[in-house]
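The values are calculated or read from the model by the stated rules, or taken from the named source; none is laboratory data. This structure is a prediction, so every number in the text was calculated from the model and none was measured. All Cβ positions, glycine included, derive from the backbone under ideal geometry; neighbour counts span all protein chains shown. What goes into the accessible areas is simple: the full protein's heavy atoms, side chains included, and nothing from ligands, DNA or RNA. Shrake-Rupley method; radii C 1.70, N 1.55, O 1.52, S 1.80 Å.
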Amino acid sequence: MLAWRQHAVVVGAGCAGLAMAVALDHVLPGDWRITVVDPTFRSASEKTWCFWGEVPEHLAPLVRKTWTKSRVAGPGWSRTDPLRQHPYHLVEGAAYERHHLERLRRSPRVRLRHGAVDAICSRPHEGADVRIDGTTLPARWVFQSVRRPPNATAGRTALAQHFGGWLVETQTPVFSPDRFTLMDFDAEQGDGVAFRYVLPLSETRALVEHTVFSRAPWARTRYDAALRTWLDARTPSHRVERREYGVIPMRDDELPQQTGHSIFNLGTVGGMTKPSTGYTFANVHRQVGHLCTTLLRRGRPRPLPSRPRRFAWYDALLLDVLARTPERGRPIFERLFQGHDVDGVLGFLDERSSIPQEASIFSSLPWAPFLAAASRRRAQPRLALGPANP
């Protein structure tokens, strides 16, 4: 049998690529080899990933903090709910990267290859070729997280979740470490939906983010100004340990998990970012687990089953409302959280709710903007997909 038929290539060493490579090393037969390709294998130390629900056993050592109470708030109101079904977890990017890279470096059959990928092309019947800096690397399976699939379909609405965050330490107690703030809408809304997100690590240390849903990201100085104003109102002195900034796509594009016979698309480029929230981490690990389980049991990977179509429809309608009438955003979110506990909302956002539960949620929201969005959806033209490498 040709060597390439026992070769798996992982393109991209971010969250999804590292998870995939470690999982492949665990399930593939001993005569297989694995190559991980990335231009830099650069540290992700400025990233923080969060998710809710059950913690997979292999991720448990990497969870830095878990909260079982959640706070949401707005001008003149606040509520704190226990999270009995969906505890909320934090994973630090640097620790995640170190853990996975150390495991890969210890494996005799894994090669970490620095390089830029020029193209990923299917072979006529099976396998794929990965072109790296002008050379070709053939493989039976390719798992990539860096290039938008050529068989993607553009959506109709494009927003961004963009944020600036400070890891701060204060001289006096300011935070409640037993609860985190999921969304605090007591912030100037401007041209989008703005809220604060607070992850306390102790009474004097927390990651505080100013997050916005809108069409275009801000300059970093604007997030910094918002964070400084909020902190100055609560503590006479604070020290910024590090800063993090990011942009997460909020688009209703259709991004397939598979291209051809042998190329699988991971993470954001494989549709694992939920359009209406920007959360990706848990979906990535569900996808990786399913690919490896099916590879082990059936001899070939299978994509994660498609999400129920109704959730894609819910996301598309919300994006349309937020894009066309951003001033409606805060009232919609406030009605959602004032009428339902956070545990139930997280189950809905995780797409594990029932239709009666969803009906209860929708009955508490203003109908007019969503009905208007639904009536114009079919007439809306699809967007351009933009550059192939997001």
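Summary of computed values
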read-out: At 1.306 mPa s and 10 °C, Stokes D of the stretch 31-146 from Kirkwood alpha-carbon radius, µm² per second; value: 90 µm²/s
read-out: Hydrodynamic radius of the stretch 214-289 per Kirkwood, over alpha carbon pairs, in Å; value: 15.5 Å
read-out: Cα gyration tensor of the stretch 189-332 - equivalent ellipsoid semi-axes, whole Å, descending; value: 36, 21, 12
read-out: Largest-first principal axis extents, alpha carbons of the stretch 335-390, Å; value: 40, 29, 20
read-out: At q = 0.14, 0.18, 0.20, 0.22 Å⁻¹, base-10 log of I(q)/I(0) for the stretch 60-207 (Debye sum, equal scatterers on each alpha carbon); value: -0.96, -1.13, -1.25, -1.39
read-out: Simple Cβ-charge dipole of the stretch 236-375, Lys/Arg +1 and Asp/Glu -1, about Cα centre, in debye nearest 20; value: 520 debye
read-out: Highest to lowest packing among 104-116, 176-188, scored as the average C-beta count within 10 Å; value: 176-188, 104-116
read-out: Largest to smallest principal axis extent of the C-alpha atoms in the stretch 1-86, angstrom; value: 68, 28, 18
read-out: Placed amide H near LEU201: partners under 5 Å, 5+ positions off or other chain; value: ALA206, LEU207
read-out: Dipole magnitude of the chain, debye to nearest 20 (Cβ charges: Lys/Arg +1, Asp/Glu -1, about Cα centre); value: 960 debye
read-out: Share of alpha-carbon pairs per 10 Å distance bin for the chain, given as whole %; value: 5, 21, 31, 25, 14, 4, 0
read-out: P(r) of the stretch 249-390 over all Cα-Cα pairs, binned every 10 Å from zero, in whole percent; value: 10, 36, 33, 17, 4, 0
read-out: The stretch 118-162 - Kirkwood radius from inverse mean 1/r over Cα pairs (Å); value: 12.8 Å
read-out: Antiparallel DSSP beta bridges within the chain, percent to nearest 5; value: 75 percent
read-out: Among 266-275, 374-383, 316-325, 159-168, the order from most to least packed when residues are scored by Cβ within 10 Å on average; value: 266-275, 159-168, 316-325, 374-383
read-out: Under 11 Å, Cβ to Cβ, from VAL342 - net charge with Lys/Arg +1 and Asp/Glu -1; value: +2
read-out: More than 19 angstrom apart: percent of Cα pairs within the stretch 130-239; value: 59 percent
read-out: Within the accessible area of the chain (1.4 Å probe), percent carbon and sulfur; value: 51 percent
read-out: LYS69 long-range amide H proximity, modeled H, under 5 Å; value: LEU83, PHE180
read-out: Net charge dipole size for the stretch 114-251 [Lys, Arg +1 and Asp, Glu -1 on Cβ; Debye, nearest 20]; value: 380 debye
read-out: Accessible area (Å², per residue) of the chain, counting only protein heavy atoms and a probe of 1.4 Å; value: 46 Å²
